[in-house]
């Protein structure tokens, strides 16, 4: 099964789903990642404020940040290849990016 790595912009916690004003996009994205994990996708998520070394160790991430700055974050890699930059994809798009079938009708 595919390996998905998510390199988030700096956030207060690992998922960004915390604090008094939670971004609903992050809630949906976190649920979609849990959905992928339940289907066997290896998902790793990194926050630069807590896991700087993961950012520095991935050449594609260093290149993207050097070229576009932090506007490229979140940066999603599948098997080490950049597949999305600057947005949190919806569940159906995530499913397609990792090679799963249509996720439109699947519950989160």
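Structural remarks
- Meets criteria (in a helix (DSSP H, G or I), surrounded by 16 or more Cβ atoms within 10 Å (Cβ to Cβ) and out of contact with any strand residue (DSSP E or B) (no Cβ under 9 Å at 6 or more places or on another chain)) for residue 54: no
- Odd one out for residue 48 among (1) more than 22 Å from residue 2 (Cβ to Cβ); (2) in a helix (DSSP H, G or I); (3) at pLDDT 90 or above: (2)
- Qualifying residue in segment 6-25 (condition: assigned to a strand (DSSP E or B), at pLDDT 90 or above and crowded, with 19+ Cβ neighbours inside 10 Å): yes
- Unmet requirement for residue 39, which otherwise passes all of (1) in contact with a helix residue (DSSP H, G or I) (Cβ under 8 Å, 6 or more places away or on another chain); (2) surrounded by 12 or more Cβ atoms within 10 Å (Cβ to Cβ); (3) modelled with pLDDT under 95: (1)
- Members of segment 22-51 found to be touching a residue at least 12 places away in the same chain (Cβ under 8 Å), over 15 Å from residue 89 (Cα atoms) and in contact with a strand residue (DSSP E or B) (Cβ under 8 Å, 6 or more places away or on another chain), listed by number: 41, 42, 44, 46, 48
The values are calculated or read from the model by the stated rules, or taken from the named source; none is laboratory data. Just so you know, these numbers come straight off a predicted model, no measurement behind them. For neighbour counting, all protein chains shown are included, and Cβ atoms are generated from backbone atoms with ideal geometry for every residue, glycine included.
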